[in-house]
1. Look at T97 and say whether it is within 21 Å of V193 (Cβ to Cβ), open to solvent by less than 40 Å² (accessible area, probe 1.4 Å) and more than 10 Å from the ligand (Cβ to nearest atom).
2. Can you tell me which residues in region 238-247 are touching a helix residue (DSSP H, G or I) at 6+ places or on another chain (Cβ under 8 Å) and either aliphatic (A, V, I, L, M) or open to solvent by 70 Å² or more (accessible area, probe 1.4 Å) (or both)?
3. Answer yes if at least one residue in region 118-133 is of a type in the set (D, E), touching a Lys or Arg at 6+ places or on another chain (Cβ under 6 Å) and at pLDDT 95 or above, and no otherwise.
4. Can you work out which of the residues in region 160-180 that are free of Cβ contacts under 8 Å to residues at least 60 places away in the same chain and of a type in the set (K, R) is nearest to the ligand (Cβ to nearest atom)?
5. Give the residues of region 136-153 that are crowded, with 24+ Cβ neighbours inside 10 Å, more than 10 Å from the ligand (Cβ to nearest atom) and not hydrophobic (A, V, I, L, M, F, W, C), sorted by residue number.
6. With (1) touching a Gly at 6+ places or on another chain (Cβ under 8 Å); (2) open to solvent by 30 Å² or more (accessible area, probe 1.4 Å); (3) over 16 Å from A220 (Cα atoms) as the list, and I84 as the residue in question, which single condition is left unmet?
7. Which one of E29, E41 is out of contact with any Gly (no Cβ under 6 Å at 6 or more places or on another chain) and within 27 Å of L115 (Cβ to Cβ)?
8. Are any residues in region 58-75 open to solvent by 20 Å² or more (accessible area, probe 1.4 Å), in a helix (DSSP H, G or I) and either away from the ligand (no atom under 16 Å from the Cβ) or under 22 Å from Q109 (Cα atoms) (or both), and if so, which ones?
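The values are calculated or read from the model by the stated rules, or taken from the named source; none is laboratory data. Note that this is a predicted model, so its numbers are computed, not measured. Backbone-built Cβ (ideal geometry, glycine too); neighbour counts: all protein chains shown. For the accessible areas, the whole protein counts, side chains as well, though only heavy atoms, and no ligand, DNA or RNA atoms are used. Shrake-Rupley method; radii C 1.70, N 1.55, O 1.52, S 1.80 Å.
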Amino acid sequence: MKRLENKIAIITGGAQGIGKAAVKRFAEEGAVVIIWDVNEEKTSATINEFKNISSRIEFQKVDVTKLESVSEAAKKIIDKYNKIDILINNAGITRDTSFLKMTSEQWQQVIDVNLTGVFNCTKAVAPFMVEKLYGKIVNTSSVVGLYGNFGQTNYVATKSGIIGMTKVWARELGRKGINVNAVAPGFIATEMVSTVPEKVLDMLKERTPLGKLGEPEDIANAYLFLSSDEAKFINGAVLSVDGGLVL
Ligand code: NAI
């Protein structure tokens, strides 16, 4: 028996990077995977790449910053499958610069996607989970949401905020049969960290007891565990997946 047999799972930002690795793992474990992403081209390529693993990977073009579009997409899934079991709030962006240089626009863009996006997706999906008294919500924080980081006022605000929302929802939704947890990735080799200078990446590897950056699959496996019934008594937790970067 596969770990997510016949579960209906939404993965936001599933076109590339960590989300893409999660799409693969969830599909391998038997879930129907619905990708919510703005990037149509990359999502099509992802679905095509994994077509031998599963024919049950779907795409809905969804901008997580727009509640209306998110709600419409969730309703379509309910019309088709009559349930949503899993929501992985993975989509995120960076607009890094030091605080003194950060514009209001850079601040707002990151708040809109990383924080309001998580609010919107959960707002649209949680009521359907409550109806079934079953659901798994996994939010993506970051090591920097726990400890801060130079040049990331906007991003850190969202990643710390996500930890707060996770704990509130764990309390509010726990009694309705819904587990809400967060994963706090360390530095993972994806497009997002491609803008980080090589020197900084070397320094980070040096400071990580496991001596390397993480891979998207490392985070995908954490999402998978927290979405499975093996984690049924885990609620409100923040799981660090960072090679021990911060201890
Ligand atoms: P990525 O940049 O490779 O992928 C992000 C995905 O989100 C893309 O497919 C993009 O199209 C999608 N997206 C962006 N805006 C969207 C919107 N408005 N609506 C729907 N989809 C949207 O990022 P990566 O590295 O895979 O990161 C995934 C998550 O992990 C993010 O939340 C990120 O903050 C977090 N994270 C990443 C770390 C890393 O080192 N890569 C470290 C810690 C956390």
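1. Here the answer is yes, as T97 does meet what is asked.
2. Hits for region 238-247 are V238, L239, V241, L245, V246.
3. Scanning region 118-133 turns up no residue that is of a type in the set (D, E), touching a Lys or Arg at 6+ places or on another chain (Cβ under 6 Å) and at pLDDT 95 or above.
4. K176
5. K136
6. Condition not satisfied by I84: (2).
7. Unique residue meeting the criteria: E41.
8. Within region 58-75, L67, E68, S69, S71, K75 qualify.
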